[in-house]
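Visitor: Can you read through this structure? Questions will come right after.
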Amino acid sequence: MNTEFDMTGKVAMVTGASSGFGVNFAKILAARGAKVVVAARRLDRLEALVAEIKAEGGEAFAVALDVTNTESITAAFDASEAAFGTVTVISNNAGVADGRSALKATEADWDLVLDTNLKGVWMVAQEAAKRMVAAGVGGSIVNTASILGLRVSFAQSVYAASKAGVVQLSKALALELGRKGIRVNALCPGFFLTEMTEMLFDSPQGNAFLASSPLARPGEMDEISSPFLLLASDAGSYLTGVALPVDGGQSIGNM
C-alpha cells in the first residue's frame, strides 16, 4: 500500500484535523510522503499532531482554520503556500453533527450544520481549485460526506441534508473541474468510533442499530484509510464524481 498510494511530492491540506477522521487522514498522508497542512480551530491539538507526524519522519504544518469564514480560509491557504507551496490534495473533513428530530431542530441548528458541513466544504474546495488552476497544476479533492448523504435515518434531517448536499456538490465540481486536471470525490463513511460518535456507541439504541447492520459492528479507523487514499492519490486517477460508501453495508441495512 505504501507504494501504490505514494503521495511523495504532494501538498495536502486536511480540514477538521484536530480529531476523528482528520487526524487519521493527516497521519496516513504524511506516512506516504505528502507534506501535510493540518487545519482546524483547535490549534493546540494541531500542534500536538504536527509533533507526532514529525516524530515519525513526516512533514507537517499547523494552521488555524474556521471553514465558515472566508478570511480564515484565505489566510490558511496563504500560510500553506508559504510553507509548502500550492496545495494539490484536499481532505475536506471539517464537520459538525446534529441529532435532533425535525420538529425540535432550530434555525440556528440548521445554519450551524449547513454552514460548516456544506458551505464550508464548498468554500475550501473553491479556494483550493482556484489556486490549483492559477498555478497550472491538477489535484484531488476528497469531501467527507456520509452514508446519511445517500439515505436517511431518524432524527438526522438537518445532518442528512447537509451531507446529501456534499455528495451533489462533489459531483457538480467533478463535472466542472475535470478538464482542469482536478478530481473531486465524496467519501461516505458509515459509523466509525470517533469523538463525534462515541456517545452513540455507549447507548443501547446505538448498539442495537449496529447489530442490525450487515457486518454488525462499527468500522475501525484503519478500514477507511485505503478507500480515502484511493480517492486522494494517483492510484484513483480515473475516479471523479464518485460517492464511495465505506460502511460495512450499513447503507443497505436497517436504519
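Visitor: Tally the residues that are of a type in the set (S, T, Y) and not in a loop (DSSP other than H, G, I, E, B), restricting the search to region 206-255.
Guide: Final tally of qualifying residues: 3.
Visitor: Now for a separate question. Give region 92-118 a look and list any residue that's surrounded by 17 or more Cβ atoms within 10 Å (Cβ to Cβ) and either in contact with a Phe, Trp or Tyr (Cβ under 8 Å, 6 or more places away or on another chain) or basic (K, R) (or both), or say none.
Guide: Hits for region 92-118 are N93, A97, D98, V113, N117.
Visitor: If I filter region 190-205 down to residues being assigned to a loop (DSSP other than H, G, I, E, B) and surrounded by 13 or more Cβ atoms within 10 Å (Cβ to Cβ), which single residue comes out as modelled with the highest pLDDT?
Guide: G190
Visitor: Which of the residues that make up region 42-56 are surrounded by fewer than 16 Cβ atoms within 10 Å (Cβ to Cβ) and more than 17 Å from A83 (Cα to Cα)?
Guide: R42, D44, A48, E52, A55, E56
Visitor: Looking for whichever is hydrophobic (A, V, I, L, M, F, W, C), touching a Ser or Thr at 6+ places or on another chain (Cβ under 8 Å) and modelled with pLDDT under 95 here; the options are A174, A155, A145, A160. Which one fits?
Guide: The conditions single out A155.
Visitor: In addition: Those residues that are crowded, with 19+ Cβ neighbours inside 10 Å and either out of contact with any helix residue (DSSP H, G or I) (no Cβ under 6 Å at 6 or more places or on another chain) or of a type in the set (V, I, T) (or both), I need them from region 134-156; list them, please.
Guide: I141, V142, T144, I147, listed by residue number.
For (1) surrounded by fewer than 24 Cβ atoms within 10 Å (Cβ to Cβ); (2) at pLDDT below 95; (3) charged (D, E, K, R); (4) under 18 Å from G139 (Cβ atoms), each residue gets a yes or a no:
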residue	(1), (2), (3), (4)
N2	yes, yes, no, no
D6	yes, no, yes, yes
N24	yes, no, no, no
L29	no, no, no, yes
E59	yes, no, yes, yes
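Visitor: Within region 55-171, which strands (runs of 3 or more DSSP E) (wholly inside it) include 3 or more residues that are touching a residue at least 40 places away in the same chain (Cβ under 8 Å)?
Guide: In region 55-171, 89-92, 139-144 are the strands (runs of 3 or more DSSP E) which contain 3 or more residues that are touching a residue at least 40 places away in the same chain (Cβ under 8 Å).
The values are calculated or read from the model by the stated rules, or taken from the named source; none is laboratory data. Given the structure is predicted, the values throughout are model-derived calculations rather than measurements. Cβ sites come from the backbone with ideal geometry, for glycine too, and all protein chains shown count toward neighbours.
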